[in-house]
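The values are calculated or read from the model by the stated rules, or taken from the named source; none is laboratory data. Owing to the predicted nature of the structure, the values given are computational and were not obtained by experimental measurement. Note that each Cβ is placed from the backbone with ideal geometry, even for glycine, and that neighbours are counted across all protein chains shown.
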Ligand SMILES: Cc1cc2nc3c(=O)[nH]c(=O)nc-3n(C[C@H](O)[C@H](O)[C@H](O)COP(=O)(O)OP(=O)(O)OC[C@H]3O[C@@H](n4cnc5c(N)ncnc54)[C@H](O)[C@@H]3O)c2cc1C
């Protein structure tokens, strides 16, 4: 049986980064993945993911994001791929909504450069948008997007260059801790041994970690690409990532929406979606069709912010969230086996952290601890994950 220092189960967003960092630190690494690099069955597809630092979810994430930005630039340099684009980000809401208030608080606490805009100023600077008259916004120039497929492909490419063995199209069917403190992992093609195991299964966490009975909601989410009607006053250039920021908006009690500038030319469509409005499913049984009533509902909501988004829908695709009860991640030692590290439950906001999660998992697997891991925020044993 082949023996490794560390096996990484799942080479998607987080597992790809973990394999890359582990190989860089000199570990003998085996990565195992069901699908091909850059596949569209999990949580790492759809062309773009928002990255931002004025983090309304909790200021505790900000140091991780600052570290992640360095990691994104490093991944671009090592892979020669174009992955991160800082086109700015705007978070629009009522003054008391978490989107505005939380972004402002995180910016102030961590001295992040930001501007506060009122509705008139938003319209003046970004004429694609027509927010409510009493809306306010945090504008963060240091925000933008990263490309998920490019990321997973880049991490695989760079990890392999650093010596990792990566086996795609080889799903893990079983894993177990062994009495000598190691692990044994069985796939459709063989059995492998290792001292340590890193489990990064994304929306397959309920199948891969059944013994933990984690209270994860695996949610079917949709991104939509709508065509705007261009005019002399608001031409294509106003929607392109040279002039348009990423955005999150919630006003007047409406569902939070988020989206991107146009990244694929005038015919590519403006991509957006509901931030939290999924329906529970599983990674193996998700309905990948998108229905007319869903498109109609999204368009109606989108028109409240983008008055010219009246052209045809270019594309609509499903994607999977893995949501914990407190919407914070699950990262740390497996509660039953200290030689196994787990990372899942990224609750629809994990992608921007990919490089730093890779570093944390490498630290945990090789040293048993990571200075970058917040003390309790992501604890796999925290009360809400035990149903308490
Ligand atoms: C619609 C949508 C929009 C999002 N927008 C943003 C955003 O704007 N910003 C942001 O930061 N985040 C965003 N996210 C969230 C982010 O994409 C996820 O948090 C992140 O991709 C999760 O990474 P992961 O590694 O856990 O899962 P994945 O990337 O899905 O990786 C898990 C991998 O494990 C593999 N695997 C599972 N089981 C096995 C097995 N038994 N054997 C071998 N391999 C296995 C899978 O095939 C998969 O490749 C969004 C997600 C969605 C769906």
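In table form, for the structure just shown:
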{"item": "Residue check for residue 374: outside any helix (DSSP H, G or I), in the same structural domain as residue 171 (by TED's automatic domain parsing) and away from the ligand (no atom under 15 Å from the Cβ)", "result": "yes"}
{"item": "Any hit, the range 348-365, residues being out of contact with any helix residue (DSSP H, G or I) (no Cβ under 9 Å at 6 or more places or on another chain), assigned to a loop (DSSP other than H, G, I, E, B) and either more than 16 Å from the ligand (Cβ to nearest atom) or not assigned by TED's automatic domain parsing to the domain that holds residue 41 (or both)", "result": "no"}
{"item": "In the range 185-237, residue nearest to the ligand (Cβ to nearest atom) [restricted to those that are under 21 Å from residue 328 (Cβ atoms) and in a strand (DSSP E or B)]", "result": "221"}
{"item": "Qualifying residue in the range 329-341 (condition: free of Cβ contacts under 8 Å to residues at least 40 places away in the same chain and assigned by TED's automatic domain parsing to the domain that holds residue 196)", "result": "yes"}
{"item": "Test result for residue 132, in contact with a helix residue (DSSP H, G or I) (Cβ under 6 Å, 6 or more places away or on another chain) and more than 27 Å from residue 45 (Cβ to Cβ)", "result": "no"}
{"item": "Enumeration of residues in the range 344-363 that are over 15 Å from the mean Cα position of the chain (by Cα) and either surrounded by 22 or more Cβ atoms within 10 Å (Cβ to Cβ) or at pLDDT below 95 (or both)", "result": "359, 360, 361, 362"}
{"item": "Members of the range 379-388 found to be surrounded by 21 or more Cβ atoms within 10 Å (Cβ to Cβ) and not in a helix (DSSP H, G or I), listed by number", "result": "380"}
